[in-house]
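The values are calculated or read from the model by the stated rules, or taken from the named source; none is laboratory data. Note that the structure is a prediction, hence the values are computed from the model and not measured. All Cβ positions, even for glycine, are placed from backbone atoms using ideal geometry, and neighbour counts span all protein chains on display. Side chains are part of the model used for accessible areas, which takes the heavy atoms of the whole protein and leaves out ligands, DNA and RNA. Shrake-Rupley method; radii C 1.70, N 1.55, O 1.52, S 1.80 Å.
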Amino acid sequence: MEFYRAHVLICGGTGCTSSGSQTLIDTFHEELEKNHLNKEVKIVKTGCFGLCEAGPIVIVYPEGAFYSHVKIEDVKRITEEHLLKGRIVKDLLFKEAVEEDQIRSINEVDFYKKQKRVALKNCGVINPEDIKEYIAFDGYKALGKVLTEMSREEVIDTIKKSGLRGRGGGGFPTGMKWEFTYKAKGDQKYVACNADEGDPGAFMDRSVLEGDPHAIIEAMAIAGYAVGANQGYVYVRAEYPIAVHRLQIAIDQAREYGLLGKNIFDKGFDFDVEIRLGAGAFVCGEETALLNSIEGKRGMPRPRPPFPANAGLWQKPTLLNNVETYANIPKIILNGADWFSSMGTEKSKGTKVFALGGKINNTGLVEIPMGTTLREVIYEIGGGIPNGKKFKAVQTGGPSGGCITADHLDTPIDYDNLISLGSMMGSGGMIVMDEDNCMVDIARFFLDFTVDESCGKCPPCRIGTKRMLEILNKITSGKGEMEDIDKLEQLAKNIKASALCGLGQTAPNPVLSTLRYFRHEYEAHVKEKRCPAGVCRELLAYTIDPEICKKCGICASKCPADCITGVKGKEVFKIDTDKCIKCGNCMEVCPFKAISKK
């Protein structure tokens, strides 16, 4: 084994890669060679560190120095100052990594302090393309344990006792699902992994696959042993090229090491995994639509029952869990059910990964113990709302979820609490909104997405959601009538009760939750023909404050509709609202902030 006096970890997740982290890695190699440090310092391309807002991120160990927003020109300084002379480059550190002139390691940074990494344990720590690094962190030890020490029933019992619930959105008890598949009759059984992450703003599963793909392979092999399957499929969307690439590398390495294939650990257990690429359809997150797609059919849901545990792939018993659910399995086997169930709330055990986005300072990937409050996530981990704006709502569960208000910020996050508030856990999207967001427009945005993503199989979803979108467009364009709000609500309830699959059943959630908490905004759009947040374009009116206007005429010179008149240097300018196309250009160019919209 080779030893290095320093390790430079560079994020190779999709976010940091798009910001140029691969070029950083190449440049670091060049600088190390120039300074004859390539045998003393090791460069490691890792998965996502979580704090995507600060990318590209570079962590230098043993100090744990956390460099953020690293540029190519910074590499030479880090190499010569830190790696060669041992002096941390303070001005390149993440701003919270320095406190009263003291250097804080990455684990002491506020973004990470309240997190508990279980599913993300190896992300940002190991090279995901090197099976030896995974093995060094106890990788495949859990698979060895179940094959050499545990019966199938004991494995299933451990998962049941852990209290793990499906992290893909439904929250069904994982151990029960395993038990159903184990007990199902069939000469052939399958294990499948749902990596078709379609929620806008969600990237939890992608990050796990990019940062720790062996954990998923190991978990699927454990599941295969437990339920009696010898073949697994990972269904992943083709638009995740880094995840697909690393997953294939991991599968090949596992086969090479005898951890996939025939007679694993010489225990007579055969199991292999193949990748099935999806075209990126949101409905394929629904389990039966996903199974159809793996079979080469159009991704449309099947009526249930029968459930996949009894009649899944090619009508054979099939176990289907999502990426994050599988990522917990090896840790539960190694640490025990009691360890896992000691985290979380009474009915929601363990941790949950969220993709934190929207109007939040620390955009990124967070993993928290169940029971952490929304306020802790948004303000202590997320760093609060940018530009001093006021928090308005947080949307959880993606397009299938709902919006939660400031009155519920102290609600502990778990499956039941979110449902009681009209939202849901979903796969883990968490979008924060501030006072500048129009909640009617937010509902319209998510419904527009689900209308596009509906497979069209059942009328409530195919026709009903389209009618809802038409009403929302009518309201946001200022043409709504009061009875439209009632129609919208009734339609939403009917679709929720009658749609065939989860997509249609949850599509009305953003509408219902915004009607529940922000009905006054709907009424303002209809009764007053006004958008309180100043978002809905057709309801806006731009005006120039004569007390502030400096008669410079910049607004008039930049107006594409020639609707601003006045005499430069002599009289204040005015906007002809009948001619105004509401592009907002005048407001942007006015240096004196004299123009406002209402």
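Give the distance, in whole Å, between the Cα centre of region 369-419 and the Cα centre of region 1-25. Each part's Cα centre sits 32 Å from the other's. Net charge of the neighbourhood of Met176, taken over other residues with C-beta under 13 Å away and scored Lys/Arg +1, Asp/Glu -1, is +3. When the solvent-accessible area of region 1-57 is split by element, carbon and sulfur atoms take up 50 percent of it, the probe being 1.4 Å. Given a 1.4 Å probe and the protein chains as shown, Ile413 ends up with an accessible area of around 0 Å². Looking at region 1-91 alone, DSSP beta bridges between its own residues are antiparallel in about 55 percent of cases. Computed from backbone phi, the HN-Hα couplings of region 553-567 come to x, 4, 4, 5, 5, 9, 6, x, 9, 6, 9, 10, 10, x, 10 Hz, rounded to whole numbers (Karplus: 6.51 cos²θ - 1.76 cosθ + 1.60, θ = phi - 60°; Gly and Pro given as x).
Inter-label distance, Glu380 to Lys558: 4.3 nm, where each label sits 7 Å from its Cα along the C-beta direction.
Between Lys90 and Lys570, the contour length at 0.36 nm per residue exceeds the Cα-Cα span by 167.5 nm.
A 1.4 Å probe, protein heavy atoms only, puts the accessible area of Cys16 near 10 Å².
Angle of helix 241-256 to the longest C-alpha principal axis of the chain, folded into 0 to 90 degrees and rounded to 10: 0°. When only the Cβ of Lys, Arg, Asp and Glu is charged (+1, +1, -1, -1), the dipole of region 214-291 relative to its Cα centre reaches about 60 debye. For region 406-532, the solvent-accessible area with a 1.4 angstrom probe is 40 square angstrom per residue. Counting only DSSP beta bridges whose two residues both lie in the chain, roughly 55 percent are antiparallel.
Mind checking the angle between helix 323-335 and the chain's longest principal axis? C-alpha axes, 0 to 90 degrees, to the nearest 10. Here the helix axis deviates by roughly 40 degrees. Ranking Arg167, Arg104, Arg516, Arg304 by solvent-accessible area of protein heavy atoms (1.4 Å probe, all protein chains present), from largest to smallest, gives Arg516, Arg304, Arg104, Arg167. The modelled label-to-label distance for the pair Lys113/Asn38, using points 7 Å beyond Cα in the direction of Cβ, is 4.2 nm. Please report the net charge: other residues with Cβ closer than 13 Å to the Cβ of Lys487, K and R +1, D and E -1. Combined, the nearby Lys, Arg, Asp and Glu give -3.
Could you tell me which of Tyr225, Asn585, Val41 has its Cα farthest along the dipole of the chain towards the positive end, charges placed at Cβ (Lys, Arg +1; Asp, Glu -1), taken about the Cα centre? Of the candidates, Asn585 comes out farthest on the positive side. For Tyr4, the solvent-accessible surface with a 1.4 Å probe is about 60 Å², rounded to the nearest 10. Would any residue of region 316-339 have its amide N under 16 Å from a label point 7 Å out along Cα→Cβ of Lys183? List them or say none. Hits in region 316-339 for Lys183 at 16 Å: 317-319. Taking the Cα centre of region 414-499 as reference, the dipole from Cβ charges on Lys and Arg (+1) and Asp and Glu (-1) amounts to some 600 debye.
The angle between the Cα long axis of helix 174-183 and the longest principal axis of the Cα atoms of the chain comes to about 50 degrees, rounded to the nearest 10. Once you place label points 7 Å from the Cα toward the Cβ at His7 and Lys390, how far apart are they in nm? It is 4.8 nm. Please compute the per residue accessible area over region 219-293 with all protein chains in place, 1.4 Å probe, rounded to a whole number of Å². Heavy-atom accessible area per residue stands at 35 Å².
Using all pairs of distinct alpha-carbon atoms, the Kirkwood hydrodynamic radius of region 56-200 works out to 19.5 angstrom. In this structure the amide hydrogen of Gly397, modeled in the peptide plane, comes within under 5 Å of the amide hydrogens of Gly428, Gly429, none closer than 5 places in sequence on its chain.
Taking the Cα centre of the chain as origin, sum charge times position over the Cβ atoms of Lys and Arg (+1) and Asp and Glu (-1), and report the length of that vector in debye to the nearest 20.
Charge dipole of the chain: 1300 debye, to the nearest 20.
First compute the accessible area of region 206-248 with a 1.4 Å probe, then give the percent of it belonging to carbon and sulfur atoms. The nonpolar share, carbon plus sulfur, comes to 50 percent. Listed by chain and number, the aspartates and glutamates whose alpha-carbon sits under 16 Å from that of Lys262, ignoring those within fewer than 8 places in the same chain, are Glu218, Asp252, Asp270, Asp272, Glu274. Karplus-derived 3J(HN,Hα) values for region 93-107, using 6.51 cos²θ - 1.76 cosθ + 1.60 with θ = phi - 60°, are 5, 4, 3, 7, 8, 10, 9, 6, 6, 9, 7, 9, 6, 4, 6 Hz; glycine and proline are entered as x. Residue pairs exceeding 26 angstrom between C-alpha atoms, taken from Lys527/Lys579; Lys45/Lys189; Lys392/Lys598: Lys45/Lys189.
Probing with 1.4 Å while keeping every protein chain in the model, the per residue accessible area of region 25-161 equals 48 Å². Charged neighbours of Val109, selected by a Cβ distance under 10 Å, balance to -1 (K, R count +1; D, E count -1). Return the tail of the calculated pair distribution for region 392-517, meaning the percent of Cα-Cα pairs more than 24 Å apart. For region 392-517, the fraction of Cα-Cα distances above 24 Å is 23 percent. Computed from backbone phi, the HN-Hα couplings of region 490-503 come to 5, 5, 4, 5, 5, 5, 4, 7, 10, 5, 6, 10, x, 4 Hz, rounded to whole numbers (Karplus: 6.51 cos²θ - 1.76 cosθ + 1.60, θ = phi - 60°; Gly and Pro given as x). The fraction of accessible area contributed by carbon and sulfur in region 95-151 is 43 percent, rounded to a whole number (1.4 Å probe; ligands and nucleic acids excluded). Of the residues Tyr182, Tyr522, ranked by 1.4 Å probe accessible area with the largest first, the sequence reads Tyr182, Tyr522. Ordering Lys141, Lys116, Lys598 by accessible surface, largest first, gives Lys598, Lys141, Lys116; the 1.4 Å probe counts only protein heavy atoms, with every chain in place.
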